[in-house]
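Below is one structure, written out as structure tokens, with a few remarks after it.
The values are calculated or read from the model by the stated rules, or taken from the named source; none is laboratory data. None of the values given here were measured: they were computed from a predicted structure. A quick note on method: Cβ atoms are made from the backbone with ideal geometry, for glycine too, and the neighbour counts reach across all protein chains shown.
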Amino acid sequence: MNRNINKGRPNKSTPGQKGTSGKREGKSRVSGREGKSNFTEKEGERKFAGKEGQGSLAAKKKVIKLNNKTEATPKKRVPVTRNRPVKTATSGEMRLNRYIANAGVCSRREADKYIVAGLVTVNGKTVTELGVKVKMSDDVRFDGRKLLAEKKVYLLLNKPKDFVTTTDDPHAEHTVMDLVKDACEERIYPVGRLDKSTTGILLFTNDGELSDRLTHPSHKMKKIYQVTLDKPLTKNHMVQIADGIELEDGPVAADAISYIDATAKNEVGIEIHSGRNRIVRRMFEHLGYRVRKLDRVYFAGLTKKNLPRGKWRFLSHKEVQFLQMK
């Protein structure tokens, strides 16, 4: 007896062709069906999640996952090593650019530029050659200011509202430096910026090289914000933000976006790596929304878990190692 083995099997479209629905298959960075999204925080993990539903848009989603563990660790174990300055076997010297970077002035690459420009002196003599080595006891000065190769400090602050992210602003009533002024003897400074009305995590350090890495656009450091708008965000506008919009200083797109609460659609979570000034606020303002609250909940693997607003803490050794691997 002959049987039709193809009977009952659905037709499959060939690669590159449209499916039976007439729509091309693909993925989107927008979360799932309206009314089914939620925002959960459980066992050290915060998630912007969507539940897949019916329709072409609902079937396309991207979920933001936020690891709230205070000790961020890489997937693979890395042998623990001590951070020591580069020294010779007998003289205890280190390269001048590293000495300047250890003092928290800038990165080693930038220090080379300052050396060549004649802004650095060693024991009263101007040094313009690269590769010069100095001792810890030497008098090293940058632009006339004596430098000390002090120990590295890494501090995390949960910034409150109405504090300006600056080290010195005579016109500012409150700055973030007021909140960490008694934290340590070393001179630390904020990594990146949060505008006056934005709250959330802000990193401080005197490690110029690490600061340069975390803020440089080429490294695309991941940041997640919780946004409260003046009105519900439409699904169409959410798609536009995910696909990219054109601002006055160029195009920008969210890496992922989702509703936090399915019932209150004026609250969304957005993941973005751009470091442009007020970029999150400007994206929503471009589409006719006003941002009432903006809170950064994630930066470069760090979260504000167990860190109350206005309080700070030092990073753990594992967290520092994780940042140095970026």
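Checking the stated criteria, A103 turns out to be in contact (Cβ under 8 Å) with a residue 24 or more places away in the chain and over 30 Å from T199 (Cβ atoms).
When the stretch 293-306 is filtered for residues that are more than 20 Å from D207 (Cβ to Cβ) and assigned to a loop (DSSP other than H, G, I, E, B), the ones remaining, listed by number, are K304, K305, N306. For the stretch 214-230, check the following and say yes or no: at least one residue is more than 16 Å from the chain's Cα centre (by Cα), crowded, with 19+ Cβ neighbours inside 10 Å, in contact (Cβ under 8 Å) with a residue 12 or more places away in the chain and assigned to a loop (DSSP other than H, G, I, E, B). No, there is no match, as no residue in the stretch 214-230 is more than 16 Å from the chain's Cα centre (by Cα), crowded, with 19+ Cβ neighbours inside 10 Å, in contact (Cβ under 8 Å) with a residue 12 or more places away in the chain and assigned to a loop (DSSP other than H, G, I, E, B).
Just checking, how many residues over the stretch 231-262 are assigned to a loop (DSSP other than H, G, I, E, B) and either in contact (Cβ under 8 Å) with a residue 40 or more places away in the chain or within 14 Å of R282 (Cβ to Cβ) (or both)?
Looking only at the stretch 231-262, we keep the residues that are assigned to a loop (DSSP other than H, G, I, E, B), and these are 231-234, 244, 248-249, 253-255, 260-262.
Next, from what is left, pick out any that are either in contact (Cβ under 8 Å) with a residue 40 or more places away in the chain or within 14 Å of R282 (Cβ to Cβ) (or both): 231, 233, 244, 248-249, 253-255, 260-262.
The total comes to 11.
Filtering the stretch 144-196 to residues that are hydrophobic (A, V, I, L, M, F, W, C), part of a loop (DSSP other than H, G, I, E, B), at pLDDT 90 or above and over 19 Å from G104 (Cα atoms) leaves F163, L194.
Please tell me if I270 is surrounded by fewer than 21 Cβ atoms within 10 Å (Cβ to Cβ), touching a helix residue (DSSP H, G or I) at 6+ places or on another chain (Cβ under 9 Å), hydrophobic (A, V, I, L, M, F, W, C) and over 30 Å from R108 (Cα atoms).
Working: surrounded by fewer than 21 Cβ atoms within 10 Å (Cβ to Cβ): no; touching a helix residue (DSSP H, G or I) at 6+ places or on another chain (Cβ under 9 Å): yes; hydrophobic (A, V, I, L, M, F, W, C): yes; over 30 Å from R108 (Cα atoms): yes.
No; evaluated as a whole, the condition is false for this residue.
Could you please let me know if R281 is surrounded by 14 or more Cβ atoms within 10 Å (Cβ to Cβ) and touching a residue at least 60 places away in the same chain (Cβ under 8 Å)? Yes.
The criterion of being modelled with pLDDT under 95, within 30 Å of S316 (Cβ to Cβ) and over 16 Å from the mean Cα position of the chain (by Cα) does not hold for I245. Taking the stretch 267-279 as the search range and keeping residues that are in a loop (DSSP other than H, G, I, E, B) and in contact with an Asp or Glu (Cβ under 7 Å, 6 or more places away or on another chain), which one is modelled with the lowest pLDDT? Top of the filtered list is R276. Here G288 passes the criteria (1) outside any strand (DSSP E or B); (2) under 25 Å from N102 (Cα atoms) except the one numbered (2). With respect to being surrounded by fewer than 16 Cβ atoms within 10 Å (Cβ to Cβ), in contact with a helix residue (DSSP H, G or I) (Cβ under 7 Å, 6 or more places away or on another chain), on the phi < 0 side of the Ramachandran plot and not hydroxyl-bearing (S, T, Y), L210 falls outside the description. With the condition kept exactly as written, say whether any residue in the stretch 124-133 is surrounded by 13 or more Cβ atoms within 10 Å (Cβ to Cβ) and closer than 19 Å to R187 by Cα. No: the stretch 124-133 contains no residue that is surrounded by 13 or more Cβ atoms within 10 Å (Cβ to Cβ) and closer than 19 Å to R187 by Cα.
For the stretch 140-165, a tally of residues being of a type in the set (A, V, I, L, M), touching a strand residue (DSSP E or B) at 6+ places or on another chain (Cβ under 8 Å) and under 30 Å from V116 (Cα atoms) returns 4. Whether any residue in the stretch 93-106 is basic (K, R) and modelled with pLDDT of 85 or more is what I want to check. Yes: the stretch 93-106 contains one or more residues that are basic (K, R) and modelled with pLDDT of 85 or more.
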